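Heads up, the thing below is written out as structure tokens.
None of the figures in this text is laboratory data; all of them are computed from the coordinates on show. Computed from a prediction, not measured in an experiment: that's the story for all the values here. Positions of Cβ are generated from backbone atoms using ideal geometry, with glycine treated the same way; all protein chains shown enter the neighbour counts.
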């Protein structure tokens, strides 16, 4: 009985050595290792390039699954076939004395290490590269939609609405902002008036140079509010929101009254155009402000403003 068990164990050990030795002889280990390292490199490259083309997240997942199935196929082919000078042949058809081309150990090791180092470098690059600014979470925008009174003067409603519903909500928001802005102008509230502008806003007043910096915009409005007898208001007629939801414009009419050099009140009226930009925090602010009078330039007051 002991002899039989010993013989069985020795035979099983020989068979195991024969199987693993056959894996080595058929280069199955080399194929598996090469495929794994090259696949790692391809995944790192894909994870960097695909987001630049706005590819959906499922593409990279499908690519990983494809490589996993390819690994199984590669191992099967490496077991059943051999690459010979005459092309791919079944392993069973290879004669014992036939010479097969193969890489030396050093050459194979250099290739594996080089690919692995490159893949690791790309992996580290993804960990260390700066992340784009995050947009407000859906949970926050959803809570804002449920509580409209919590919306700040510059914030547009968000949530999971359809593009058409979102643009309609943005249009209402911009109309409301224009109303608040006109009220601030009527009250001559300088700080609130300026708060509707983006940091890099450009103001193009009628019959005056453009204001392209925050200081120039402040100076323009300070001088205008200092005009004796000033009364200013405007009414929004049309608001158009871009399909992207990142930009919009508003058009309307304005009325302005101010005293002339003799102290007599003069009235001006005209049209205006404001370009609104959605900021990274989801708020709308004016990026460009343009107006001009309907009155001929020879008779128009120099303090024309929407």
### Query
Suppose R0 equals 45 Å; then what is the FRET efficiency for residue 66 and residue 273 from their Cβ-Cβ distance, rounded to the nearest 0.05?
0.30
### Summary
Taking 125, 197 and counting other beta carbon atoms within 10 angstrom, the fewest-first order is 125, 197
### Task
May I ask you to derive the FRET efficiency for residue 57 and residue 216 from their Cβ-Cβ distance with R0 = 45 Å, giving the value to the nearest 0.05?
0.50
## Note on the structure
Of all DSSP beta bridges having both residues in the stretch 154-293, the percent classed as antiparallel (nearest 5) is 90
### Query
Computed from the mean reciprocal separation of all distinct C-alpha pairs, what Kirkwood hydrodynamic radius does the stretch 184-280 have, in Å?
14.8
#### Entry: Peptides 110-119, 202-211, 260-269 ordered by average Cβ neighbours within 10 Å, highest first
202-211, 110-119, 260-269
### Message
How many angstrom lie between the Cα centre of the stretch 256-276 and the Cα centre of the stretch 234-249?
### Response
24
### Query
By how many nm would the segment from residue 76 to residue 246 lengthen if fully extended, with 0.36 nm per residue of separation less the alpha-carbon distance?
56.0 nm
### Task
Output the peptides 67-76, 244-253, 170-179 sorted from most to least packed, where packing is the average of other Cβ atoms within 10 Å over each peptide's residues.
170-179, 244-253, 67-76
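Give the calculated FRET efficiency between residue 295 and residue 186 to the nearest 0.05, with a Förster radius of 25 Å applied to their Cβ-Cβ distance.
On the way: r = 21 Å, r/R0 = 0.83.
It comes out at approximately 0.75.
Between Rg and the Kirkwood Rh of the stretch 247-287, both from Cα atoms, what is the Rg to Rh ratio? Intermediate results must be reported in sequence, preceding the final value.
Details: Rg = 16.0 Å, Rh = 12.6 Å.
Taking Rg over the Kirkwood Rh, I get 1.27.
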